[in-house]
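**Student:** Before I ask anything, let me first share the structure, which is written out below as structure tokens.
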Amino acid sequence: MRALLCERHGPVRDVAWRDIDDAPAPGPHEITIEIDHASVSHATRLLIEGSYQSRPPLPFVPGTEAVGRIVARGTAVSRLAAGDRVVAVSRWGCYAQRLTLPEYTVYRVPDGLDALTALPVPISYGTAYTALLWRAALQPGDAVLVLGAGSGVGLAAVEIAALLGATVIACASTEAKRQAARQAGAAYALAADADLANQVKACTGGVGADIVFDAVGGPAFEHSVRAAAANARMLSIGFAGGQVPAVPLNLLLVKNIALHGFFYGRYLGWTPADERIVHAPALQRCMHTLLDWARAQRIRPAVTAVYPAADLAAALAALETRRVIGKVALKIK
């Protein structure tokens, strides 16, 4: 089969579309998928450069999220069948024509939902849902500040928070991204600048945000601490801006703010312990909810840019220079 192969850690341009051995036959609790599309994320570059939390053994095929059809299943697999359309999360391996992986993070795409629409659900929408509900205990009426609201995970957070009755304040770098956030349900859309705290307080009657959802890091984090209400819950999701922020602990202290670090990858098997099987029941319930919401158009996941499989470097450049709104994908089949 053909796949994007990373033979050594280094620049993304060194990853090449090559012939490799076919995917192995599935074991008892495994399935084999013929992949149509796979998503592109900031973690893709980190995996290739060897700077992610976990390192696949070299050589390896990157890619952590894909949609396709099941072509084979193991003898112990009962909830999925050959021919099912599925969306899957893997530790790596999705930039290949076929992939064999454990069934625990594979989810059937409901009838009536386009497979490409389902592609952003497990990671972007799964991150937003579990962070906001499992970690920050979002309640109707909360004021939720979303940093990086034009990204895939940022727009997912806007949609989910608005759907669940929160007042969403979106923060994004361009007017086009702010408009996309408004269309996704944000009540307010603000620029990412040093005046963020004053703007958020103006939107909340001087109170501030009850929840801050931060996948950006850098200076925006400190601005958001100042924009947070007393007793707020802050979610540090990642550092897409490229800079780990300095945490102003004095402000957290005097405002009684709870800071939650949140690594969604723990539920997906992206830690050395590979805890997929432990979290599978809860995550399957979460995915059932999200995919049903997508089918009913209560949320609207979208892949806004699709690149040929061999153009991974261009896809990553578009993502990292913030030229796209939402999710980026590679066409594999």
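**Student:** Give the number of residues within region 207-228 that are surrounded by fewer than 24 Cβ atoms within 10 Å (Cβ to Cβ), under 20 Å from G165 (Cα atoms) and among the acidic types (D, E).
**Tutor:** 1
**Student:** Inspect all residues belonging to region 128-138 and state whether any of them is free of Cβ contacts under 8 Å to residues at least 40 places away in the same chain, small (G, A, S) and in a loop (DSSP other than H, G, I, E, B).
**Tutor:** Within region 128-138, not a single residue is free of Cβ contacts under 8 Å to residues at least 40 places away in the same chain, small (G, A, S) and in a loop (DSSP other than H, G, I, E, B).
**Student:** Could you please let me know if R98 is modelled with pLDDT of 95 or more and in the same structural domain as L80 (by TED's automatic domain parsing)?
**Tutor:** For R98, the condition - modelled with pLDDT of 95 or more and in the same structural domain as L80 (by TED's automatic domain parsing) - is met.
**Student:** Give all pairs with beta carbons closer than 6 Å in which a residue from region 249-261 that is more than 21 Å from G238 (Cα to Cα) meets a residue that is outside any helix (DSSP H, G or I); count only pairs at least 6 apart in sequence or on separate chains.
**Tutor:** Between residues of region 249-261 that are more than 21 Å from G238 (Cα to Cα) and residues that are outside any helix (DSSP H, G or I), the close pairs are K255/A230; N256/A230; N256/N231.
**Student:** Considering only residues that are of a type in the set (S, T, N, Q) and outside any helix (DSSP H, G or I), look in region 259-299 and name the one that is surrounded by the most Cβ atoms within 10 Å (Cβ to Cβ).
**Tutor:** Step by step, filter region 259-299, then rank; the result is T271.
**Student:** Take the conditions outside the structural domain of V40 (by TED's automatic domain parsing), more than 18 Å from Q243 (Cβ to Cβ) and modelled with pLDDT under 95 and apply them to D195. Does it pass?
**Tutor:** In short, yes.
**Student:** Quick check: is even one residue across region 89-99 out of contact with any strand residue (DSSP E or B) (no Cβ under 9 Å at 6 or more places or on another chain) and outside any strand (DSSP E or B)?
**Tutor:** Scanning region 89-99, I find no residue that is out of contact with any strand residue (DSSP E or B) (no Cβ under 9 Å at 6 or more places or on another chain) and outside any strand (DSSP E or B), so the answer is no.
**Student:** Still on this structure, please answer the following. Working carefully through the options A230, A118, A137, A161, find the one that is at pLDDT 95 or above and in contact with a Lys or Arg (Cβ under 6 Å, 6 or more places away or on another chain).
**Tutor:** A230
**Student:** Got a number for residues in region 300-315 being surrounded by 21 or more Cβ atoms within 10 Å (Cβ to Cβ) and either within 15 Å of the chain's Cα centre (by Cα) or outside the structural domain of R85 (by TED's automatic domain parsing) (or both)?
**Tutor:** The total comes to 2.
**Student:** Report yes if A228 is in contact with a Gly (Cβ under 9 Å, 6 or more places away or on another chain) and either within 21 Å of W134 (Cα to Cα) or of a type in the set (D, E, K, R) (or both), otherwise no.
**Tutor:** Taking the combined requirement at face value, the residue satisfies it.
**Student:** Might you let me know whether region 183-206 holds any residue that is touching a Phe, Trp or Tyr at 6+ places or on another chain (Cβ under 6 Å), surrounded by fewer than 22 Cβ atoms within 10 Å (Cβ to Cβ) and not basic (K, R)?
**Tutor:** yes
**Student:** So if I check each of N231, N250, N256, which one is assigned to a helix (DSSP H, G or I) and exposed (fewer than 13 other Cβ atoms within 10 Å of the Cβ)?
**Tutor:** From the options N231, N250, N256, the qualifying one is N250.
**Student:** Now, a different point. Among the numbered conditions (1) in a loop (DSSP other than H, G, I, E, B); (2) surrounded by 13 or more Cβ atoms within 10 Å (Cβ to Cβ); (3) touching an Asp or Glu at 6+ places or on another chain (Cβ under 8 Å), tell me where R79 comes up short.
**Tutor:** Unmet condition: (2).
**Student:** Suppose we filter P102, P140, P120 for residues that are within 25 Å of F262 (Cα to Cα) and surrounded by 23 or more Cβ atoms within 10 Å (Cβ to Cβ); which single one remains?
**Tutor:** Answer to the selection: P120.
**Student:** Test of understanding: among F239, F213, which residue is out of contact with any strand residue (DSSP E or B) (no Cβ under 8 Å at 6 or more places or on another chain), not assigned by TED's automatic domain parsing to the domain that holds T321, not in a helix (DSSP H, G or I) and not small (G, A, S)?
**Tutor:** F239
**Student:** Counting only residues that are surrounded by fewer than 20 Cβ atoms within 10 Å (Cβ to Cβ), of a type outside the set (K, R) and in contact with a strand residue (DSSP E or B) (Cβ under 7 Å, 6 or more places away or on another chain), how many does region 1-29 have?
**Tutor:** Matching residues across region 1-29 total 10.
**Student:** Can you tell me how many residues in region 56-76 are over 19 Å from A118 (Cα atoms), part of a loop (DSSP other than H, G, I, E, B) and in contact (Cβ under 8 Å) with a residue 12 or more places away in the chain?
**Tutor:** Going through region 56-76 one residue at a time, the tally reaches 8.
**Student:** From G141, G206, grab the single residue that is farther than 26 Å from S90 by Cβ, assigned to a loop (DSSP other than H, G, I, E, B), free of Cβ contacts under 8 Å to residues at least 24 places away in the same chain and in the same structural domain as A258 (by TED's automatic domain parsing).
**Tutor:** G206
**Student:** Determine the pairs where a residue that is of a type in the set (S, T, N, Q), located within region 295-314, has a partner that is modelled with pLDDT under 95 with Cβ atoms under 7 Å apart, the partner being 6 or more residues away or on another chain.
**Tutor:** Here the result reads T304/V324; T304/I325; T304/G326; T304/K327, each pair linking region 295-314 to a residue that is modelled with pLDDT under 95.
**Student:** Continuing with the same structure: For residues in region 321-333 being buried (at least 17 other Cβ atoms within 10 Å of the Cβ) and under 17 Å from the mean Cα position of the chain (by Cα), which is nearest to R13 (Cα to Cα)?
**Tutor:** Among those residues, the one meeting the criterion is L330.
The values are calculated or read from the model by the stated rules, or taken from the named source; none is laboratory data. Just so it is clear, the structure is predicted and the values come from calculations on it, not from any experiment. Methodologically, a virtual Cβ is constructed for each residue, glycine included, from the backbone with ideal geometry; neighbour enumeration extends over all protein chains shown.
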